[in-house]
Amino acid sequence: MSTIAHGAAATVRRKPLAGAALFVTTAVALAVGVALPWLVPTKIAMSLLAQAMFDALLATSVGFLILQNGRVSFGQAAFFGLGGYSVGVLIARHWVAPEVAVLIAIILPTLVAFLLGLVIARITGVAHAMLTLAVGQAFYEVVFRWRELAKGDDGMSFNLPRHLFGLSASGLQDPAVMMVLAWTILVLVLFALALFARSRIGQIAAAIRDNEERARFLGYSTMLPRALVYAIAAFIAAIAGVLSACYNGYIAPQMFHWSVSGFALIMAIIGGAKFIIGPAIGAVVLFYIKDYAGQFAEYWPAIVGIILVVVTLTMPRGVVGLAATLWKMRGR
Amino acid sequence: MALLAFNDVHALYGRARILNGVTFAVDRGERVALVGRNGVGKTTVVNTLCGMTRIAQGQIAVNGRVMKDLRGYIAAQNGIAVVMQGRGILPSLTVEENLLLGTATRRPGPWSLDKVQALFPILRERRSSPGLALSGGQQQMLAIGRALMANPDLLILDEPSEGLAPVIVDELAALLVKLGEDGIGILLIEQNISLIHRVAQRFYVLSKGAVAESGSLHDVSRDELKRHIAI
């Protein structure tokens, strides 16, 4: 094998943020989170940032599906809503202890997504996107019409208990506390997803996304890894839903609406769905554009649409993709 | 007992019948070529083994056991590794990650990452490179190395010489003969007469979805084999 063995031997590192760099970046991000109350000037700004973090978590969930499964979902709001409704309804009705309600609100959507994933993960392309849309809208219709559950389309307010997991729960509705909590959770989620991408199961999932047939020929059953990615994505969306519901003390069918999924997808695309951090960056960018545009223009969704068109045409890998390209070019 | 046996296999793509009663066998350590013109169903034989086409009639047996479940990963778990046409390098994984994916079946055997990298030193040197950053010949080595990581009893290679320079095809031939001598069965699906002649001991000619000719490579000249393929 001499000819083949002595080809160009330049070694290229493919993953720039590897090993120690990942841990250091995560530690710095967590430290920034702790410092946020001193960095963000007003309660309103803190509240906006907290809500941007909810969007970032949901967008990360959508982006993770694209990154690891190669699948586009228009129904991720189903798990966002399921998380929010589970915690809201269970706490309001005192059916279980509040801590158990939080755990159920995260585990239930994860399990539902895993089972759904076993069924719909094998379906590709437009049919898959339409199925996720249908599933999301089915949940929306149920909570919209089922008034006995949570007052139907009016939505339902609920009061948080005094304590959750031994800590004062009122902090969850304090912008400063929620901002730090949501930021910290987002950083830990991104860190965990980066580790997942490097793990063996993450590599198998990437292999399945790249070439499912090839992965099967290598001896892998492709259904379980795909369903697992669905479950992880739903887990993240459910956390976002729980945080949002607890912060607002209110749940409404709009949490399940396809437009929530659609915006999360737009955020992921604008940020760069091929990067773990891309959707979160896209969410923060879009959240503030939405907020700013909303002050001046009644038809702010049109502005978001124009931004999406511009980003898609000029930055096909999103904001983070553009930043990565500029970083690579810096020394030339 | 044959390592792999197709017995009168008829296979369909949708309603189109592609294989019309294919019968052949490969024994342990044997090097067999499956030859034929484009479109006669050579790749369909592999796809059928991996469950991508529906069997209308006939049986496939591995180690004498009839395969009733032909989902893609079952063949691999039964000791059959496939190097597909086009090599199937996974683009988002590094060379080493591509190799490690070959251990899905966790079958015991002599092949390990170290041994594969010793056989192909370039795969060690470029272990952190994206798989697709390798040259065509190196990618073929990666595909074969990944297949060996599964410690297969039978290695199926679909058009492995496609796109390779003649000097690399020579090296590929020597490697496949060596693997056969080490006890791995080789099923070589090829049109390159030179490679077939240097690697295979027996051949089957596929024509119109069925085996039209078969025999020993020792008994046929290259020109005769060419004529067989032109059936």
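The values are calculated or read from the model by the stated rules, or taken from the named source; none is laboratory data. Nothing here was measured: the structure is a model prediction, and the numbers come from that model. Please note: Cβ atoms are built from the backbone with ideal geometry, for glycine as well, and neighbour counts cover all protein chains shown. For accessibility, only protein heavy atoms count, side chains too; no ligands or nucleic acids. Shrake-Rupley method; radii C 1.70, N 1.55, O 1.52, S 1.80 Å.
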Inset, instruction - Taking the residues in segment A:198-226 that are in contact with a Lys or Arg (Cβ under 8 Å, 6 or more places away or on another chain) and not in a helix (DSSP H, G or I) as candidates, determine which candidate is farthest from residue A:111 (Cα to Cα). - result: A:218
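Can residue A:231 be described as closer than 30 Å to residue A:24 by Cβ, in contact with a Leu (Cβ under 7 Å, 6 or more places away or on another chain) and more than 14 Å from chain B (Cβ to nearest Cβ)?
Numbers: closer than 30 Å to residue A:24 by Cβ: yes; in contact with a Leu (Cβ under 7 Å, 6 or more places away or on another chain): no; more than 14 Å from chain B (Cβ to nearest Cβ): yes.
The answer is no for residue A:231.
Checking the condition at negative phi, open to solvent by 10 Å² or more (accessible area, probe 1.4 Å) and in a helix (DSSP H, G or I), which residue from A:260, A:229 passes? Show your work before the answer.
Numbers: A:229 fails: open to solvent by 10 Å² or more (accessible area, probe 1.4 Å).
Of A:260, A:229, the one residue that is at negative phi, open to solvent by 10 Å² or more (accessible area, probe 1.4 Å) and in a helix (DSSP H, G or I) is A:260.
Against the definition (at the interface with chain B (Cβ under 9 Å from one of its Cβ atoms), over 24 Å from residue A:26 (Cα atoms), of a type in the set (Asp, Glu) and more than 18 Å from the chain's Cα centre (by Cα)), how does residue A:210 come out, yes or no? I'd like the intermediate steps shown before the answer.
Details: at the interface with chain B (Cβ under 9 Å from one of its Cβ atoms): yes; over 24 Å from residue A:26 (Cα atoms): yes; of a type in the set (Asp, Glu): yes; more than 18 Å from the chain's Cα centre (by Cα): yes.
Spelling it out, residue A:210 is indeed at the interface with chain B (Cβ under 9 Å from one of its Cβ atoms), over 24 Å from residue A:26 (Cα atoms), of a type in the set (Asp, Glu) and more than 18 Å from the chain's Cα centre (by Cα).
Quick one: which of B:91, B:110, B:160 is open to solvent by 30 Å² or more (accessible area, probe 1.4 Å), touching a residue at least 40 places away in the same chain (Cβ under 8 Å) and in contact with a helix residue (DSSP H, G or I) (Cβ under 7 Å, 6 or more places away or on another chain)? Before the answer, list the steps.
Numbers: B:110 fails: in contact with a helix residue (DSSP H, G or I) (Cβ under 7 Å, 6 or more places away or on another chain); B:160 fails: open to solvent by 30 Å² or more (accessible area, probe 1.4 Å).
Being open to solvent by 30 Å² or more (accessible area, probe 1.4 Å), touching a residue at least 40 places away in the same chain (Cβ under 8 Å) and in contact with a helix residue (DSSP H, G or I) (Cβ under 7 Å, 6 or more places away or on another chain) holds for just one of B:91, B:110, B:160, which is B:91.
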Legend entry - Criterion violated by residue A:166 - all others in (1) open to solvent by less than 60 Å² (accessible area, probe 1.4 Å); (2) at positive phi satisfied: (1)
Legend entry - Sole exception among (1) at pLDDT below 90; (2) buried (at least 19 other Cβ atoms within 10 Å of the Cβ); (3) of a type outside the set (Ser, Thr, Tyr) for residue B:98, by number: (1)
Legend entry - Index of the failed condition, residue B:103 passing every other in (1) open to solvent by 50 Å² or more (accessible area, probe 1.4 Å); (2) within 11 Å of another protein chain (Cβ to nearest Cβ); (3) out of contact with any helix residue (DSSP H, G or I) (no Cβ under 8 Å at 6 or more places or on another chain): (1)
Legend entry - Flag if residue B:155 is over 19 Å from the mean Cα position of the chain (by Cα) and either more than 9 Å from chain A (Cβ to nearest Cβ) or open to solvent by less than 50 Å² (accessible area, probe 1.4 Å) (or both): no
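Tell me the residue from A:80, A:54, A:74, A:64 that is surrounded by 19 or more Cβ atoms within 10 Å (Cβ to Cβ), in contact with a Ser or Thr (Cβ under 6 Å, 6 or more places away or on another chain), touching a residue at least 40 places away in the same chain (Cβ under 8 Å) and in a helix (DSSP H, G or I), please.
Working: A:80 fails: in contact with a Ser or Thr (Cβ under 6 Å, 6 or more places away or on another chain); A:74 fails: in a helix (DSSP H, G or I); A:64 fails: in contact with a Ser or Thr (Cβ under 6 Å, 6 or more places away or on another chain).
Exactly one residue qualifies, and that residue is A:54.
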Inset, instruction - With the checklist (1) under 28 Å from residue B:192 (Cβ atoms); (2) touching a helix residue (DSSP H, G or I) at 6+ places or on another chain (Cβ under 6 Å); (3) facing chain A (nearest Cβ under 9 Å) in hand, flag the one item residue B:36 doesn't pass. - result: (3)
Inset, instruction - Out of the residues in segment B:179-231 that are assigned to a helix (DSSP H, G or I) and in contact (Cβ under 8 Å) with a residue 60 or more places away in the chain, state the one that is surrounded by the fewest Cβ atoms within 10 Å (Cβ to Cβ). - result: B:181
